[in-house]
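For reference, the structure discussed in these notes is given below.
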């Protein structure tokens with residue numbers, strides 16, 4: 001805890017962000033004896049700060065700095081200043097995530113090869129494949145404690161009522177439904193207890209059964225003496241020398257004072273809105289379009305997953321809130337089968353909301369009121385539902401840009417997030433609404449509500465990996481094509497979104513990246 | 001491929017006034033209900049105390065406007081079995097604030113007058129006298145984008161569905177970790193599937 005490194009120490013790795021990417025990188029490097037400073041924009045919370053209260057936790061841990069949503073999608077209208085639902089705090093979005101930890105499918109690394117050119121989309125193959133990442137997925141599952149895997153041998157959670165209702169519906173329509181691989185302990189493991197099924201995974205796990213860098217990677221990194229975490233440190237720009245190597249990071253500390261931390265290597269892990277924003281904010285004479293942006297792809301290809309919600313009302317109680325938030329996943333349509341009328345796959349993730357959030361998301365925006373809404377809410381206890389999670393096509397014009405005049409409390413231009421459906425996304429979502437309805441009606445649903453997309457918790461693609469420098473921002477190691485001692489360590493490096501939740505893949509990529517950074521430092525390549 | 005390259009650069013160097021957090025909050029308030037609670041704006045000022053409709057009617061905006069607001073509240077989130085007090089305890093703190101907040105008082109008074117004006121034009125009577133819910137809702141739909149309507153709606157959403165006192169009536173359990181979650185309390189119970 002008490003580690004303190006000098007601002008002028010230029011032998012350090014400076015990591016920006018402390019979530020799945022940043023927190024994991026700090027610990028992986030620390031275990032190899034490499035010292036780092038982690039600059040985290042948010043506060044450091046304690047376990048006692050975590051409450052089973054949706055709105056309180058939303059207010060406490062969400063990233064609420066102003067952002068503008070643009071584009072014709074309903075999200076921009078319903079949530080004009082909240083395009084994304086992510087966390088500002090030590091641990092980042094690993095506080096909020098539901099713990100779903102699935103590996104990408106083989107074809108998802110090769111979407112260009114698999115489907116050819118898709119008009120209107122900017123699809124590309126990853127420069128790595130499943131075979132290359134598989135051993136790192138195993139390490140990630142081991143680190144995070146993913147249940148239901150060969151890696152850990154930890155059993156699945158017991159089946160909740162919510163799971164049973166959906167599993168029966170899936171069975172009746174012949175769809176494959178499986179219990180979820182969750183990075184939530186079902187046995188005491190790694191100094192953390194087993195899940196108690198509080199039903200509030202996404203408000204932060206009060207007992208610490210769910211993996212979060214907040215209380216795993218970060219304290220482990222600090223315990224080595226090789227890592228200093230500086231909360232409430234907002235990065236203003238990344239500095240470089242005249243050869244184009246990055247040399248340090250300018251940030252505003254908790255008192256609002258500007259500090260310049262020197263660095264040997266910089267790793268950006270601030271999630272897919274802040275990471276490209278930092279690079280764009282670091283534009284200079286040498287890099288007039290933003291740091292690491294010779295391709296013009298920084299901030300482009302913003303992907304969120306193709307999402308929506310489906311909540312069915314039954315005659316009898318389901319009490320879906322008495323469950324891990326995501327007890328299971330319907331995987332029938334996770335493959336790439338264009339005969340369905342859309343490319344790529346989607347999963348139906350069984351997921352509950354509490355009553356407070358259900359009232360906000362059932363029909364968000366100005367029109368969500370009246371008898372139909374209140375009658376559905378009256379049936380809250382009889383609801384079961386899904387969050388649709390499908391592959392989102394990379395589209396170059398879905399992007400993060402800097403506002404022309406409006407600034408935030410740090411004096412930085414606010415980010416403008418433009419996101420709208422590719423026609424493939426719309427077709428996929430409609431397919432998912434249709435199959436969900438069939439599934440729920442097969443077990444007697446009286447009414448099936450389709451919910452529009454919520455602010456995105458899965459944000460990807462804005463600093464994407466590519467084989468060639470002209471197609472993307474980073475190479476297969478997450479290393480900038482342009483600046484050799486600059487890395488991207490979060491989901492913004494994803495070339496495609498896959499249909500799986502991103503966290504496990506972020507952690508696998510980070511473990512692999514840490515090996516590469518350590519080797520490159522040792523060989524004095526960076 | 002580089003068509004957006006220059007969009008990234010609309011980085012205006014000239015200094016502009018930085019938003020204070022409180023300004024940002026107000027901004028969220030008018031535009032989306034999601035951040036309402038985040039900013040901690042709506043708390044139940046009266047806790048679980050019983051507030052009678054008459055006590056509510058004594059507040060700053062006057063009897064008629066108060067009664068109209070209560071009727072409107074029941075039309076926005078109608079739960080026929082919920083007592084008036086659950087609606088009035090959302091409205092009361094607003095009425096109290098209106099005593100010192102002139103803008104709020106104006107918003108509430110003008111909003112209710114506008115409701116009456118519209119029902120008079122369409123049905124020849126004030127909002128409270130319109131008998132059919134569907135008729136009242138027709139008028140409310142026309143006004144749903146107004147700051148007045150959204151203020152009442154946002155407060156109600158928090159006051160009804162985020163009110164722990166009411167959660168048992170909707171079958172929601174609320175905070176559970178203090179009781180050890182549901183691991184030993186029926187998470188797997190389902191007698192119909």
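The values are calculated or read from the model by the stated rules, or taken from the named source; none is laboratory data. As the structure is a prediction and not an experimental result, all values here were calculated from the model. With ideal geometry, Cβ positions are generated from the backbone for all residues, glycine too; neighbour counts draw on all protein chains shown.
When residue A:467 is tested against the conditions (1) part of a loop (DSSP other than H, G, I, E, B); (2) touching a strand residue (DSSP E or B) at 6+ places or on another chain (Cβ under 7 Å), the lone failure is (2). Exactly one residue among A:229, A:197, A:268 is within 14 Å of chain B (Cβ to nearest Cβ) and either touching a residue at least 40 places away in the same chain (Cβ under 8 Å) or within 14 Å of residue A:14 (Cα to Cα) (or both), and that residue is A:197. Residues in region A:83-93 that are under 21 Å from residue A:232 (Cα atoms) and either surrounded by fewer than 20 Cβ atoms within 10 Å (Cβ to Cβ) or in contact with a strand residue (DSSP E or B) (Cβ under 8 Å, 6 or more places away or on another chain) (or both): A:84, A:85, A:86, A:87, A:88, A:89, A:90, A:93. Taking the criterion of being in contact with a helix residue (DSSP H, G or I) (Cβ under 9 Å, 6 or more places away or on another chain), buried (at least 20 other Cβ atoms within 10 Å of the Cβ) and assigned to a helix (DSSP H, G or I), the only residue of region A:406-430 that qualifies is A:428.
Do we have residue B:155 as within 17 Å of the chain's Cα centre (by Cα) and surrounded by 19 or more Cβ atoms within 10 Å (Cβ to Cβ) here? Steps first, please.
Details: within 17 Å of the chain's Cα centre (by Cα): yes; surrounded by 19 or more Cβ atoms within 10 Å (Cβ to Cβ): yes.
Answer is yes for this residue.
Note on region A:313-356: residues that are within 9 Å of chain B (Cβ to nearest Cβ) and without any contact (Cβ under 8 Å) to a residue 60 or more places away in the chain total 1. For region A:479-491, does any single residue satisfy the condition of being modelled with pLDDT of 95 or more and within 11 Å of chain B (Cβ to nearest Cβ)? No: region A:479-491 contains no residue that is modelled with pLDDT of 95 or more and within 11 Å of chain B (Cβ to nearest Cβ). Out of A:141, A:106, one residue alone is surrounded by fewer than 18 Cβ atoms within 10 Å (Cβ to Cβ), under 23 Å from the mean Cα position of the chain (by Cα) and farther than 30 Å from residue B:154 by Cα. It is A:106.
The numbered conditions (1) farther than 30 Å from residue A:160 by Cα; (2) out of contact with any strand residue (DSSP E or B) (no Cβ under 7 Å at 6 or more places or on another chain) are all true for residue A:264 except (2).
Filter region B:158-170 down to the residues that are surrounded by fewer than 18 Cβ atoms within 10 Å (Cβ to Cβ) and part of a loop (DSSP other than H, G, I, E, B), then identify the one that is farthest from the other protein chains (Cβ to nearest Cβ). Full working, then the answer.
First, pick out the residues of region B:158-170 that are surrounded by fewer than 18 Cβ atoms within 10 Å (Cβ to Cβ): B:164-166, B:168-169.
From the residues that got through so far, the ones that are part of a loop (DSSP other than H, G, I, E, B) too are B:164-166.
Values: B:164: 9, B:165: 12, B:166: 9 Å.
Out of the qualifying residues, it is B:165.
Would you say residue A:394 is closer than 24 Å to residue B:192 by Cα and more than 9 Å from every other protein chain (Cβ to nearest Cβ)? Criteria not met by residue A:394. Does any residue of region A:452-468 turn out to be away from every other protein chain (no Cβ under 14 Å), at pLDDT 95 or above and surrounded by fewer than 24 Cβ atoms within 10 Å (Cβ to Cβ)? Yes, region A:452-468 contains at least one residue that is away from every other protein chain (no Cβ under 14 Å), at pLDDT 95 or above and surrounded by fewer than 24 Cβ atoms within 10 Å (Cβ to Cβ). Scanning region B:129-141 turns up one or more residues that are touching a helix residue (DSSP H, G or I) at 6+ places or on another chain (Cβ under 6 Å), more than 10 Å from chain A (Cβ to nearest Cβ), part of a helix (DSSP H, G or I) and surrounded by 16 or more Cβ atoms within 10 Å (Cβ to Cβ). Residues in region A:200-226 that are over 20 Å from residue A:506 (Cα atoms), more than 14 Å from every other protein chain (Cβ to nearest Cβ) and in a loop (DSSP other than H, G, I, E, B): A:224, A:225, A:226.
Go through region B:175-189 residue by residue and tally those that are assigned to a loop (DSSP other than H, G, I, E, B) and more than 7 Å from chain A (Cβ to nearest Cβ). Summing the residues that are assigned to a loop (DSSP other than H, G, I, E, B) and more than 7 Å from chain A (Cβ to nearest Cβ) in region B:175-189 gives 2.
Can you confirm whether region A:137-145 contains a residue that is free of Cβ contacts under 8 Å to residues at least 12 places away in the same chain and either away from chain B (no Cβ under 14 Å) or closer than 23 Å to residue A:185 by Cα (or both)?
Taking region A:137-145 and keeping what is free of Cβ contacts under 8 Å to residues at least 12 places away in the same chain, we get A:142.
Those left that are additionally either away from chain B (no Cβ under 14 Å) or closer than 23 Å to residue A:185 by Cα (or both): A:142.
Within region A:137-145 (the criterion being free of Cβ contacts under 8 Å to residues at least 12 places away in the same chain and either away from chain B (no Cβ under 14 Å) or closer than 23 Å to residue A:185 by Cα (or both)), the answer is yes, since at least one residue qualifies.
Would it be correct to say that residue A:70 is surrounded by fewer than 24 Cβ atoms within 10 Å (Cβ to Cβ), within 14 Å of chain B (Cβ to nearest Cβ) and free of Cβ contacts under 8 Å to residues at least 12 places away in the same chain? So residue A:70 does not fit the description; no.
For (1) surrounded by fewer than 19 Cβ atoms within 10 Å (Cβ to Cβ); (2) more than 20 Å from the chain's Cα centre (by Cα); (3) at pLDDT 95 or above, each residue gets a yes or a no:
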{"position": "A:314", "(1), (2), (3)": "no, yes, yes"}
{"position": "A:324", "(1), (2), (3)": "no, no, yes"}
{"position": "A:344", "(1), (2), (3)": "no, no, yes"}
{"position": "A:347", "(1), (2), (3)": "no, no, yes"}
{"position": "A:372", "(1), (2), (3)": "yes, yes, yes"}
{"position": "A:376", "(1), (2), (3)": "no, yes, yes"}
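How many residues are in a loop (DSSP other than H, G, I, E, B) and crowded, with 18+ Cβ neighbours inside 10 Å when one looks only at region A:232-251? Walk me through how you get there before you give the answer.
First, pick out the residues of region A:232-251 that are in a loop (DSSP other than H, G, I, E, B): A:232-233, A:241-245.
Of the ones still in play, those that are also crowded, with 18+ Cβ neighbours inside 10 Å are A:232-233.
Residues that pass the stated criteria total 2.
I want to confirm something. Restricting to region A:357-377 and keeping residues that are without any contact (Cβ under 8 Å) to a residue 60 or more places away in the chain and in a loop (DSSP other than H, G, I, E, B), which single residue is farthest from residue A:314 (Cα to Cα)? Lay out the reasoning, then the answer.
So the first thing to find is which residues in region A:357-377 are without any contact (Cβ under 8 Å) to a residue 60 or more places away in the chain, and the list is A:358-360, A:366-375, A:377.
Subset that is in a loop (DSSP other than H, G, I, E, B): A:366-370.
Working: A:366: 27, A:367: 24, A:368: 21, A:369: 21, A:370: 20 Å.
Here the answer is A:366.
The residues of region A:378-405 that are assigned to a strand (DSSP E or B) and either in contact with a helix residue (DSSP H, G or I) (Cβ under 7 Å, 6 or more places away or on another chain) or on the phi > 0 side of the Ramachandran plot (or both), listed by number, are A:384, A:386, A:388, A:390, A:400, A:401, A:402.
For region A:397-410, a residue qualifies if it is within 21 Å of residue A:255 (Cα to Cα), touching a strand residue (DSSP E or B) at 6+ places or on another chain (Cβ under 8 Å) and at the interface with chain B (Cβ under 7 Å from one of its Cβ atoms), and the qualifying residues are A:407, A:408. Restricting A:496, A:489 to those that are within 25 Å of residue A:106 (Cβ to Cβ), in contact (Cβ under 8 Å) with a residue 40 or more places away in the chain and in contact with a strand residue (DSSP E or B) (Cβ under 6 Å, 6 or more places away or on another chain) reduces the list to A:489. Checked against (1) over 15 Å from the mean Cα position of the chain (by Cα); (2) surrounded by fewer than 18 Cβ atoms within 10 Å (Cβ to Cβ); (3) more than 9 Å from every other protein chain (Cβ to nearest Cβ), residue B:192 passes all but condition (3).
Could you please let me know if residue A:440 is in contact with a helix residue (DSSP H, G or I) (Cβ under 9 Å, 6 or more places away or on another chain), part of a helix (DSSP H, G or I) and over 29 Å from residue A:115 (Cα atoms)? So residue A:440 passes the test.
When region A:17-47 is filtered for residues that are out of contact with any strand residue (DSSP E or B) (no Cβ under 6 Å at 6 or more places or on another chain), within 13 Å of residue A:232 (Cα to Cα) and surrounded by fewer than 24 Cβ atoms within 10 Å (Cβ to Cβ), only A:44 remains.
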